[in-house]
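Chemist: What follows is a structure written as structure tokens; I'll ask about it next.
Since every read-out is calculated from the coordinates, none of them should be taken as a lab result. Because the structure is a prediction, the values reported are computed rather than measured. Cβ: placed from backbone, ideal geometry, glycine included. Neighbour counts: every protein chain shown.
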Amino acid sequence: MLNYDLVVVGGGPAGMAAALKARECGVKSIVVLERAETLGGILEQCIHTGFGLHYFKEELSGPEYAAKFIELLEETDIEVKTDTMVVEITKENVVKAVNNIDGFVNYKAKAIVLAMGCRERPRGALNIAGSRAAGIMTAGTAQKYVNLDGYMPGKKIVILGSGDIGLIMARRMVLEGAEVKMVCELMPYSSGLTRNILQCLDDFGIPLKLNCTVIDIHGKNRVEGVTIAKVDRNRRPIKGTEEYVECDTLMLSVGLIPENELSRAMGVDLDPITGGPVVKENRETTQKGVFACGNVLHVHDLVDFVTLESQTAGEGAAKYILGLEEEENTVATKGIDGVRYVVPQMINTNCGSDVKLYFRVGQVYNNAKVFVESNEKVILSRRKPKLTPGEMEDVVIKKEVLETLPVGSELVIRVEV
Amino acid sequence: MVYDVAVIGAGVVGSLIARELGRYNIKAVLLEKCGDVAMGTTKANSAIAHAGFDAKPGSLKAKMNLEGIKMMEYVCGELSVPYKDIGSLVVAFNEEEMGTLTELLERGRKNGVPGLEIVGQDRLREMEPNINLNAVGALYAPTAAIIGPYELAIAAVENAVTNGVEFIRNFEVKAVETQEDGTTVIRSADNVIQAKFVINSAGVFADDIAAMTGDGGYKIVSRKGEYFLLDQSVGGLVKHVVFQCPSKMGKGVLISPTVHGNILIGPNAVDIEDKEDCCTTAEGAVEILEKARRSIANLSTRDMITSFGGLRAHSVTEDFIIERSESNPNIIHLIGIESPGLTAAPAIAVYVRDMLLSFAGKFEENTAFDPIRPKPLRFHELSDEERRKAIERNKAYGRVICRCEGITEGEILDAIHAPAGARDVDAVKRRTRAGMGRCQGGFCGSKVVEILARELGVELNEVTKFGGDSKILFEKTK
């Protein structure tokens with residue numbers, strides 16, 4: 001058994017930022033456990049630019065963004081174990097991990113930061129009918145093949161789902177000489193960022209077909225084509241709108257799922273909407289001393305916000321380890337009337353700082369107003385020209401306001417058109 | 001090459017026959033059209049060892065089913081194949097169906113099925129707390145079990161090869177000719193072998209193979225069934241194999257745990273022309289869900305991780321046909337081995353072996369025959385201490401490749417280098433479960449491709465999903 005003040009599970013942008021912040025706050029022994037061969041997480045395969053505009057005020061590629069944090073980590077004595085898989089976390093904060101150098105190791109931690117990221121929804125979850133031929137893959141898998149392994153995963157491509165990875169991959173495959181026939185999106189709007197639709201589809205003349213889905217996949221050995229169809233308001237295919245599209249590859253970008261198998265097994269409460277742990281403003285989960293940040297908590301649009309959130313978690317973990325936690329006066333947060341979720345789900349009104357609440361809406365709103373209310377009293381309101389499910393929103397609750405909230409009350413965010 | 005015996009088709013039946021042939025000092029070969037064993041019906045079915053009340057008394061199906069279920073646990077033990085005797089329930093939803101249960105019970109008793117009983121509503125609800133409130137009773141068959149069907153075929157071939165049987169993959173039989181001396185020449189597009197005796201266990205293609213030997217009278221209908229698989233997180237949904245009582249509405253669908261802790265739902269039944277069409281359909285999905293909700297009313301599709309289709313070799317005669325060829329008595333045909341074919345497979349293997357011995361003359365016993373196929377190491381099943389030791393022994397067990405199922409590089413290497421080992425991504429998946437979990441290979445798929453390429457000494461873009469032209473990658477990027 002090895003003893004550490006802080007064990008960080010995951011060495012992507014979230015884990016790295018949390019570890020660095022905890023160190024800055026005075027935590028002595030820290031180890032970061034990363035399952036991949038290198039630090040950086042999914043950023044390593046995101047060779048396009050667009051990262052860092054908020055945090056570094058410059059436009060970086062994924063590996064460049066990661067490199068900045070890897071360099072900072074290397075300047076510290078924070079330990080890093082790559083190619084190391086955490087297989088279990090016990091209720092007593094023992095992190096069990098394996099790698100092929102140290103073998104099977106138990107790490108006993110005073111505090112733990114969960115930063116395992118997320119995974120892509122696979123084909124099976126959609127139950128698309130048809131063949132099981134080669135050539136059906138998630139956009140992220142295709143991205144790894146083309147960017148890290150250097151092989152073309154397809155040449156004539158249909159993309160289902162307009163999540164950001166799908167949009168990025170549409171452009172990427174065209175730049176590599178493939179033909180991207182279309183991006184089909186089940187919903188009447190894209191779940192990706194507006195800037196990605198402009199830069200990755202519109203600039204390359206790739207059609208985005210809204211209210212459209214893939215209903216059948218053809219081909220015995222390799223995909224030979226797909227049948228697409230328009231869908232009605234209930235997302236059901238409309239008879240007579242079927243269209244055969246020849247292609248050798250179907251890429252899926254149909255959603256991301258926070259990867260919480262370890263969290264669930266250790267008994268951390270999960271939010272059914274976000275798929276991530278329920279946390280306080282310091283990103284502490286329902287289990288004392290266990291924190292969560294980044295895409296394992298809720299899926300973010302931009303890594304910059306992952307970094308900021310993870311610093312909050314790192315600071316929270318540091319305060320916990322150093323015994324500097326504030327006395328608890330908890331209020332809950334809740335999204336209603338079009339607000340799908342709010343993170344954090346709980347706030348300690350004694351936390352001594354302003355608290356930023358992140359939230360997502362369930363549909364597109366134009367010219368809407370966002371209200372934050374406590375006991376039906378409006379605390380603040382913001383006019384938003386446009387709200388979409390693809391763009392995470394936030395509001396800041398001032399420290400002075402927080403202190404006035406009754407203990408045990410509920411802070412509600414809602415949208416009004 | 002001249003063999004004593006050639007078995008055509010490495011499904012679960014052909015694989016177990018090949019294993020039986022390993023008991024003798026003969027030259028035996030198992031020919032498989034695809035790149036791996038278990039590529040037909042064996043890889044996509046209900047994975048159940050049936051108790052045996054379904055088959056018509058006196059039929060070969062009934063006889064083989066009963067003998068098969070008696071042998072199954074032992075054979076699975078010898079071959080280290082997952083087996084769980086969880087029992088089955090045929091659920092009735094009204095009084096008329098309760099009447100049918102009595103008929104099934106009677107038929108089962110005639111077939112010699114032990115322990116059958118009809119349970120009432122309360123007992124049923126105790127046994128299956130999630131069952132639909134409409135359910136009024138069930139036929140309980142304690143001897144029914146769940147098994148790993150493709151694991152059984154893979155293990156049988158591994159064991160056969162270890163005992164001296166040859167396995168030739170990618171050998172699609174194109175022509176069969178009988179020579180004057182009674183031996184048979186079997187040709188694929190690029191290979192040819194000879195055998196004194198031939199066993200045709202080609203599943204849905206057995207009638208086509210029979211036609212090549214001059215026996216054109218068989219007709220197999222390819223009957224497709226679709227299934228859903230649910231995540232292990234809802235693995236406790238049912239505790240037994242839950243069938244629905246056959247009625248005017250048809251045979252119903254089953255809901256069953258799998259040996260790996262998932263839940264399997266299906267199948268429907270659609271006769272199709274194409275003997276390779278395993279595509280799932282939107283209509284099939286609707287049909288299965290609708291039927292399954294009769295058993296579990298609030299069945300949710302949220303935990304669905306995949307769906308798949310499989311083909312049954314349905315014979316128009318309804319019974320199994322296992323007989324010598326009329327045109328060449330040195331050939332044995334196995335026709336229409338559909339459900340309960342998996343259950344029957346160990347018994348069929350012995351039945352065919354004995355039939356062969358009855359006319360082939362005495363084969364010398366292979367005194368070195370080892371019936372045991374050692375259990376492959378499963379890292380995630382080990383205790384902490386065993387894991388520590390495994391990694392000390394082989395570092396590759398310290399590298400987790402498939403995070404959902406906790407499969408290590410060492411296990412994948414074992415699968416590739418086993419007798420009749422894995423040559424493609426799906427073959428690795430069937431042997432190790434890498435890629436079977438909730439992400440369905442999203443993360444580990446590319447790593448498995450890398451490991452296969454490295455171990456087989458090929459480029460990444462030569463690695464296939466399931467053999468043949470199922471390549472995953474095209475050329476290198478610019």
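Chemist: Between B:Phe359 and B:Glu459, how high is the FRET efficiency from 1/(1 + (r/R0)^6) when r is the Cβ-Cβ distance and R₀ = 60 Å? Nearest 0.05.
Modeler: Calculated value: 0.75.
Chemist: Along the stretch A:386-399, what does the Karplus equation 6.51 cos²θ - 1.76 cosθ + 1.60 (θ = phi - 60°) give for ³J(HN,Hα), rounded to whole Hz, x for Gly and Pro?
Modeler: Going residue by residue, I get 8, 10, 9, x, x, 10, 6, 10, 8, 9, 9, 9, 5, 3 Hz, with x marking Gly and Pro.
Chemist: Could you put B:Glu385, B:Glu158 in order, starting from the residue whose Cβ has the fewest other Cβ atoms within 10 Å?
Modeler: Ranking B:Glu385, B:Glu158 by Cβ neighbours within 10 Å, fewest first, gives B:Glu385, B:Glu158.
Chemist: Here's a follow-up. Amide H to amide H, which residues 5 or more places from B:Arg312 or on other chains are under 5 Å from it, using H placed in the peptide plane?
Modeler: B:Arg223, B:Lys224, B:Gly225
Chemist: So what is the calculated 222 nm ellipticity per residue for chain A, using -39500 (n - 2.57) for each DSSP H run with n of 4 or more, over all residues, to the nearest 500 deg cm²/dmol?
Modeler: Calculated mean residue ellipticity at 222 nm is -5500 deg cm²/dmol.
Chemist: Under the rule a/c < 1.5 gives rounded, and otherwise a/b versus b/c splits prolate from oblate, where does the protein assembly as shown land using the Cα gyration tensor?
Modeler: prolate
Chemist: In whole Hz and in residue order, list the ³J(HN,Hα) couplings for the stretch B:444-450 that follow from phi through the Karplus curve 6.51 cos²θ - 1.76 cosθ + 1.60, θ = phi - 60°; x for Gly and Pro.
Modeler: Along the stretch B:444-450, the couplings run 8, x, 5, 6, 5, 4, 4 Hz.
Chemist: So for each of B:421-427, B:166-172 I average, over its residues, the number of other beta carbons within 10 Å; can you give me the resulting order with the highest mean first?
Modeler: B:421-427, B:166-172
Chemist: Take every residue in peptide B:455-463, count the Cβ atoms of other chains within 10 Å of its Cβ, and give the average of those counts.
Modeler: Per residue, the number of nearby Cβ atoms from other chains is 1 on average.
Chemist: Roughly what angle does helix A:62-74 make with the longest principal axis of chain A, taking Cα atoms, 0 to 90 degrees, to the nearest 10?
Modeler: In chain A, helix A:62-74 runs at an angle near 20 degrees to the longest axis.
Chemist: Moving on. Check each of the trypsin sites (Lys or Arg not before Pro) in the stretch B:243-301 and keep only those in coil by DSSP with at most 15 other C-beta atoms within 10 angstrom; list them in order.
Modeler: Here the trypsin sites (Lys or Arg not before Pro) that fit, given the DSSP loop and packing criteria, are B:Lys248, B:Lys251.
Chemist: Output the antiparallel fraction of DSSP beta bridges having both residues in chain A, as a percent to the nearest 5.
Modeler: Roughly 60 percent of the DSSP beta bridges within chain A come out antiparallel.
Chemist: Cross-link partners among aspartates and glutamates for B:Lys291, C-alpha distance below 14 Å, same-chain residues fewer than 8 apart left out?
Modeler: The reachable aspartates and glutamates, counting only those whose Cα sits under 14 Å from B:Lys291, are B:Glu226, B:Glu283.
Chemist: For the stretch A:122-254, what relative contact order do you get, as a whole percent, if you take Cα pairs closer than 8 Å and at least 6 residues apart?
Modeler: Once normalised by length, the contact order is 33 percent.
Chemist: Please report, for the Cα atoms of the stretch B:290-353, the Rg to one decimal and the Dmax as a whole number; what are they, in angstrom?
Modeler: Over the stretch B:290-353's Cα set, Rg and Dmax evaluate to 18.3, 56 Å.
Chemist: So what J values fall out for the stretch B:352-360 if you push phi through Karplus, 6.51 cos²θ - 1.76 cosθ + 1.60 with θ = phi - 60°, rounded to Hz, Gly and Pro as x?
Modeler: 5, 4, 5, 4, 4, 4, 5, 10, 7
Chemist: Which of the residue pairs B:Lys174/B:Lys375; A:Lys220/B:Lys429; B:Lys63/B:Lys429; B:Lys84/B:Lys110; A:Lys230/B:Lys275 have a Cα-Cα distance greater than 28 Å in the structure shown?
Modeler: B:Lys174/B:Lys375; B:Lys63/B:Lys429; A:Lys230/B:Lys275
Chemist: Another question, if that's okay. So what's the net charge close to A:Cys212: Lys and Arg +1, Asp and Glu -1, counting the other residues with Cβ under 15 Å from its Cβ?
Modeler: +2
Chemist: Hey, another quick one. Quick one: if you stick a label point 7 Å off each Cα along the C-beta vector at B:Asn25 and B:Lys219, how many nm between them?
Modeler: Going from the B:Asn25 label point to the B:Lys219 one covers 4.8 nm.
Chemist: Enumerate the amide H contacts of A:Val279 below 5 Å, restricted to partners 5 or more residues apart or on another chain; note that Pro and chain-start residues carry no placed amide H.
Modeler: It is A:Gln345, A:Met346, by chain and number.
Chemist: Taking each residue of B:277-284 in turn, how many C-beta atoms of other protein chains fall within 10 Å of its C-beta, and what is the average?
Modeler: Going residue by residue through B:277-284 and averaging, the value is 5.
Chemist: Starting from the exponent 0.38 and prefactor 2.2 Å, build the expected Rg for chain A from its residue count and divide its actual Cα Rg by it.
Modeler: That ratio works out to 1.02.
Chemist: Please find, in a Gaussian network model of chain A (springs between Cα atoms separated by less than 10 Å), the residue of A:Pro258, A:Pro13, A:Pro272 whose mean-square fluctuation is greatest.
Modeler: Taking springs between Cα atoms under 10 Å, the residue moving most is A:Pro272.
Chemist: Measure up A:Lys288/A:Lys399; B:Lys70/B:Lys465; B:Lys224/B:Lys465; A:Lys21/A:Lys144 against 25 Å on the Cα-Cα distance and list the ones that go over.
Modeler: B:Lys70/B:Lys465; A:Lys21/A:Lys144
Chemist: Among DSSP beta bridges lying fully in the stretch A:327-417, give the percent that are antiparallel, nearest 5.
Modeler: In the stretch A:327-417, DSSP labels about 85 percent of beta bridges as antiparallel.
Chemist: What value, in deg cm²/dmol to 500, does the helix sum -39500 (n - 2.57) over DSSP H runs of n ≥ 4 give at 222 nm once divided by the residues of chain B?
Modeler: Here the helix-only value at 222 nm equals -9500 deg cm²/dmol.
Chemist: With chain A treated as a Gaussian network of Cα nodes joined by springs under 10 Å, which of A:Glu44, A:Glu185, A:Glu59 yields the largest mean-square fluctuation?
Modeler: A:Glu59
Chemist: Rounded, prolate or oblate: which fits the stretch A:122-254 when a ≥ b ≥ c are the square roots of the eigenvalues of the alpha-carbon gyration tensor, with rounded for a/c under 1.5 and prolate only if a/b beats b/c?
Modeler: In terms of gyration-tensor shape, oblate.
Chemist: Where both partners of a DSSP beta bridge lie in chain B, what percent of those bridges are antiparallel, to the nearest 5?
Modeler: Of those bridges, close to 70 percent are antiparallel.
Chemist: Continuing with this model, one more query. Only four residue types carry charge here, +1 at the Cβ of Lys and Arg and -1 at the Cβ of Asp and Glu. Report the dipole size of the stretch A:122-254 about the Cα centre in Debye, rounded to the nearest 20.
Modeler: 320
Chemist: Enter the mean number of other protein chain beta carbons within 10 Å of the beta carbon of each residue in A:130-141, as an integer.
Modeler: Rounded to a whole number, the mean comes out at 6.
Chemist: Among the lysines, select those whose C-alpha is under 22 Å from the C-alpha of A:Lys398, and discard any that sit fewer than 8 residues away in the same chain.
Modeler: Correct list for A:Lys398: A:Lys280, A:Lys319, A:Lys334, A:Lys356, A:Lys369, A:Lys377, A:Lys384.
Chemist: For the stretch B:252-356, run through the GluC sites (Glu not before Pro) and keep only the ones in DSSP coil with at most 15 other Cβ atoms within 10 Å of their Cβ.
Modeler: Hits after loop and neighbour filter: B:Glu273, B:Glu276, B:Glu318, B:Glu326.
Chemist: Picking from A:Asn147, A:Asn366, A:Asn211, which is most flexible by a Gaussian network model of chain A using Cα springs under 10 Å?
Modeler: Between A:Asn147, A:Asn366, A:Asn211, it is A:Asn366 that shows the largest mean-square fluctuation.
Chemist: What residues qualify as long-range amide H neighbours of A:Cys118, i.e. H under 5 Å apart, gap of 5 or more or another chain, H built at 1.01 Å from N?
Modeler: A:Glu259
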